[in-house]
Amino acid sequence: MGVTVITAHRASSARTAPCPTPATVDSPAAFEPVLVSMPQWPTHRIADSSQRTWLEEVQYRIKEAFLLSDDWDHEGAVAVSREAAIAADNLAQSLAAQHIGRPFVSATQDGGIGFEWTGGRWELFIDVLASGWDVTVRDSATGGVWEGDPETFEAEFSHALSSLVA
Amino acid sequence: MTSAQWVSPFEDQNDLDLDIKVYRAVNPGLVDWSDTDAAGTPKMGSQIFQHMSDDRATAAGYPSSAMSIALSHLLDEHREGPERVLDEFGGNWGIAMFTVGDVRTVRPALGVCENPIDGAPWHGLVYAMTRSRMRRAESGALRSHAMLIRLPKRP
């Protein structure tokens, strides 16, 4: 279907937090340095969703998640890291450019940003952390689960993404 | 820790009636207000269903992390309702409900146990049995079974 499979890599050093970049299946990209400037997020919620692309909405949610304090969930969550927020914004832009359907985006307990698509047969969860991605694909019809580094289950990851193209 | 190595320190109560209702507090920020059904009920995010942090579990004296819940049969014993699951949260939080039977269908497997605590004798725990904490696979499965019985207040 022509969907670019986004690959990410675990950071080799805990002191750096590379931003994953979209890549084709045949030519995965190398790490790139973390951006030093924050994205230009929307500064206000656009009330009428018909006038708002999902990218703008997701970017707003990323910004809101980034502004949460420690223990935002009352169960010990840590605040979203700058590196995760930037990587999440990059991912959102890449997904929107490929016409992937709108994800639900929220902060994760461990300082990342979670993207999820649920309700259909193929459910996809991408947790963007400072150290890389954690991906889960779930086939709700069979109960099949693939999780971790998406390079180890590229076919299922690609299939799940393709099923989400709007 | 791999599933081959992990042994949960909690003891699963596999004799709990499958019809027992399980209640979970819902953070208003973890529901999708842009995706609502005909009645205006927002879609829940899977992150509603996850363990407390490891630090929080340690501070609470647990041997490992788990997800806090309230159990209906214990609430009934104390003539209390599901709203008691919100005791430690704000009035703008919601309540999700699923059953012990739903928990038993999740893979990788989850355990359920009563865990009465001071001020909350209806408290219980749901936890990953084959690894140290639930991940998206389990959270997503619980999300698919749960329903919102009290809407959180929109931020």
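Throughout, read-outs are computed from the coordinates displayed, never taken from laboratory work. These figures come from a predicted structure and were not determined experimentally. Neighbour counts run over all protein chains shown; Cβ positions are idealised from the backbone, glycine included.
So how long is each side of region B:1-102 along the principal axes, counting just the alpha-carbon atoms, biggest first, in Å?
Per principal axis, max minus min of the Cα coordinates gives 45, 33, 26 Å.
Specify the inter-centroid distance of region B:1-79 and region B:97-155, based on alpha-carbon positions, in whole Å.
3 Å
Where Lys and Arg each count +1 and Asp and Glu each count -1, what net charge lies around A:Ala160 among other residues with Cβ under 14 Å from its Cβ?
Residues close to A:Ala160 contribute a combined charge of -3.
How big is the equivalent ellipsoid of region A:45-166 along its three axes, where each semi-axis is √(5λ) from the Cα gyration tensor, reported in whole Å from largest to smallest?
Equivalent ellipsoid semi-axes, largest first: 23, 19, 13 Å.
Can you run phi through the Karplus equation (6.51, -1.76, 1.60; θ = phi - 60°) for region B:62-71 and list ³J(HN,Hα) in whole Hz, with x for Gly and Pro?
7, x, 7, 6, 7, 9, 6, 9, 10, 10
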